[in-house]
Amino acid sequence: MTSKTRQLQALNTFKPYAVFYRTGGQIEKFHFINGWGASVANHDGSYGGDEGLYELAEINPNGHIVDDSIKGYLTFAEVDCYLREISEY
């Protein structure tokens with residue numbers, strides 16, 4: 001199995017510390033021991049939410065969204081890979 005294949009078969013590796021319910025879905029918040037975090041959205045107003053896909057935004061150690069980090073139309077496996085990457089900064 002290649003590294004790429006393993007990435008696409010990612011499991012739910014991380015647990016959110018908070019879940020907020022929105023129309024058509026939810027937003028999950030993650031915080032890592034390195035101080036960074038992420039917001040993962042899947043609802044009617046998120047990028048890709050109406051297609052069953054996810055939106056992810058990085059949150060810096062000061063608690064602010066990194067503006068150019070917002071990624072939409074992500075699969076579940078892609079979200080898991082991005083969360084792993086952020087947790088290892």
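Since every read-out is calculated from the coordinates, none of them should be taken as a lab result. Treat the numbers as computed from the prediction; the structure is a model and nothing was measured. All Cβ positions, glycine included, derive from the backbone under ideal geometry; neighbour counts span all protein chains shown.
Could you list S39, S46 in order of exposure, starting from the residue whose Cβ has the fewest other Cβ atoms within 10 Å?
Details: S39 19, S46 24.
The order, fewest Cβ neighbours first, is S39, S46.
Using alpha carbons only, what's the Rg to Rh ratio of the chain with Rh from Kirkwood?
0.96
What is the order of D44, D68, D80, D50, fewest Cβ neighbours within 10 Å to most?
D68, D44, D50, D80
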